[in-house]
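One structure, as structure tokens, below. Some questions next.
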Amino acid sequence: MSEVGESAGLRMNEKRGRLLLLTTILGSGMAFLDGTIVNVALPRIGKELQADLAGLQWVVNGYTLTLASLILVGGSLGDRLGRKRVYGWGVAGFAVMSVLCALAPTIEILVASRLLQGVAAALLTPGSLAMLQASFHPDDRMRAIGAWTGMLGIATAGGPVVGGWLVGIEWRLAFWLNVPLAAIVLLLLRSAPESRDEEASHHTDLAGVLLAPIGLAGITWALTAWPDTGASVSTLLSLAVGVLACVAFVVAERRERDPMVPLSLFANRTFSVINLVTLVVYGALSGSMFFIAVFLQVSAGWSPLAAGAATVPMSVIMLFLASRFGGIASTYGARTPMLAGSVLIAAALALLALAPDDPSFWRHILPGVTLMGFGLSMLVAPLTGTVLAAAPPSRSGLASGINNAISRTAGLLAIAVLPLLVGLSGREYAQGHLVADAYRQAMWWCAALVLAGTVVTAFGLERHCNRQMAEPATEGSPA
């Protein structure tokens, strides 16, 4: 593959190299912080905008829907038109949509703004690593990616605290925060080198671009509406449209000469197994984080700051241990640490499910989130590295993008279906005892999902799968 750019030899000890690293960290951190803060802000948003549970689900799912559907398109546009250029478009668009979110007078306008914000994120998200990969000297490339990963880990660990503090003052500040961050990123981006892939296809898979969001939107809409409307004509029609669009997407990708998602990659057993594990584990993770944020504020009566800080131990543990377990997996194989990590995550979710309506952080929350931090540290790096190693080297970026999209889709579906499974609907999310009951059921469902992933890993991966893995670093990780 031919990579062309203004510079392909930036070094970590040079000013331009450090500026590019800072640019990618701030841009990616903006998107990471936004997702963290919005979860914490949901109860306040619902109260001020008089939103029901479905409205709050769409505040999260609207963003995830467009991001998951278009993230591969964003990566492709960067390869073709210039990664710096497309990254800049994404950052600027994210800032504009954040302003619309901050000014939204109704839940409907907020959801529409979040949908558009997800489109901007789909341009922004793939660009960070692609710019580092293309611009840094090969000797400094992994150091730059490692620094990017570590700094994002710190941002993720601090995000719930910053978010809780801002939401405690005014939830709209969660979106206003993106404006100055985006301005700094765009200013720094002026000195960044441009890069593109001169061999990238200029063909656009229009069928894939259209069918993916239609399929996901139809299914998500039906699952979100079902608790309130039941098997109504509109709900069933939405579900049918979504399922048919997904089937049509698979057919179209099989026939497309240059597909957005090459189905030939899934002929590799390891690639298919790892993406299936990603779907169930990341679904459980997204669903549990959604319910924890609502439970701690609505049922337990915690402040947004306290609720956000409750999950910080998990991020801190991952920050220090994830790379170590990645090294262990590279030496001994991914299967064993993935199995151990999955079991720990399931146990952590079971512990969290035992929390009473008025939980103590030290007795009922801290043990679970701490155990989850250890489990995710064991699981995430081997999973990511195995996905990259399972694809041909020329398609490692595409394999990473597909896995990223699947992890986002998992969160989208989990947040849509879990309230249906636990019987939480309408404005019941504002009633503490009902939310507490739903939370405990949701944790058990999430634990079951992770155990299903454990079974898939045990029987799907070879015992010494991919001992020599690619270096794990993708934006699809929860770290």
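Please state which one of ALA310, ALA355, ALA334, ALA347 is small (Gly, Ala, Ser), modelled with pLDDT of 90 or more and more than 30 Å from TRP171 (Cα to Cα).
Working: ALA310 fails: more than 30 Å from TRP171 (Cα to Cα); ALA355 fails: more than 30 Å from TRP171 (Cα to Cα); ALA334 fails: modelled with pLDDT of 90 or more.
That would be ALA347, the only listed residue that is small (Gly, Ala, Ser), modelled with pLDDT of 90 or more and more than 30 Å from TRP171 (Cα to Cα).
State which residue pairs qualify: first residue farther than 14 Å from GLY27 by Cβ and inside the range 175-195, second residue of a type in the set (D, E, K, R) and assigned to a loop (DSSP other than H, G, I, E, B) in any location, beta carbons under 7 Å apart, and separation of 6 or more residues or different chains.
PRO193/GLU6; GLU194/GLU6
Test of understanding: among ALA322, ALA340, ALA348, which residue is free of Cβ contacts under 8 Å to residues at least 60 places away in the same chain and crowded, with 21+ Cβ neighbours inside 10 Å?
Only one candidate qualifies: ALA348.
Do the conditions hold for ARG196, that is, is it of a type in the set (Lys, Arg), buried (at least 21 other Cβ atoms within 10 Å of the Cβ) and not in a helix (DSSP H, G or I)?
For ARG196, the condition - of a type in the set (Lys, Arg), buried (at least 21 other Cβ atoms within 10 Å of the Cβ) and not in a helix (DSSP H, G or I) - is met.
Here's another thing I want to ask about it. Since ILE292 meets every condition but one in (1) at pLDDT 90 or above; (2) in contact with a helix residue (DSSP H, G or I) (Cβ under 6 Å, 6 or more places away or on another chain); (3) closer than 30 Å to GLY46 by Cβ, which condition does it not meet?
Here ILE292 clears every test but (2).
Just a yes or no: is a residue in the range 170-180 buried (at least 18 other Cβ atoms within 10 Å of the Cβ), closer than 25 Å to ALA130 by Cα and in the same structural domain as ALA68 (by TED's automatic domain parsing)?
Yes, that holds for at least one residue.
Identify, from the list LEU187, LEU206, the residue that is surrounded by fewer than 19 Cβ atoms within 10 Å (Cβ to Cβ) and at pLDDT 90 or above.
LEU187
Check ALA448, ALA414, ALA430 and return the single one that is within 19 Å of ASN39 (Cα to Cα), of a type in the set (A, V, I, L, M) and surrounded by fewer than 24 Cβ atoms within 10 Å (Cβ to Cβ).
Just a single option satisfies the conditions, and that option is ALA430.
Within the group VAL281, VAL250, which residue is over 21 Å from the mean Cα position of the chain (by Cα) and not in a loop (DSSP other than H, G, I, E, B)?
Going through VAL281, VAL250 in turn, the sole match is VAL250.
Of all residues in the range 86-132, count the ones that are farther than 21 Å from ALA144 by Cα and outside any helix (DSSP H, G or I).
3
Okay, residues lined up against (1) modelled with pLDDT under 90; (2) under 24 Å from VAL161 (Cβ atoms); (3) crowded, with 17+ Cβ neighbours inside 10 Å:
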residue	(1), (2), (3)
ASN39	yes, yes, yes
ALA51	yes, no, yes
VAL59	no, yes, yes
MET97	no, no, yes
GLU108	no, no, no
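Please count how many residues of the range 44-85 are under 27 Å from PRO419 (Cα atoms), assigned to a helix (DSSP H, G or I) and not hydroxyl-bearing (Ser, Thr, Tyr).
So the count comes out to 21.
On to the next question. Quick check, is GLY242 in contact with a Ser or Thr (Cβ under 9 Å, 6 or more places away or on another chain), at pLDDT 90 or above, closer than 30 Å to GLY423 by Cα and assigned to a helix (DSSP H, G or I)?
yes
The values are calculated or read from the model by the stated rules, or taken from the named source; none is laboratory data. Computed from a predicted structure; not experimentally measured. Don't worry about glycine lacking a Cβ; one is built from the backbone with ideal geometry, like all the others, and counts go over all protein chains shown.
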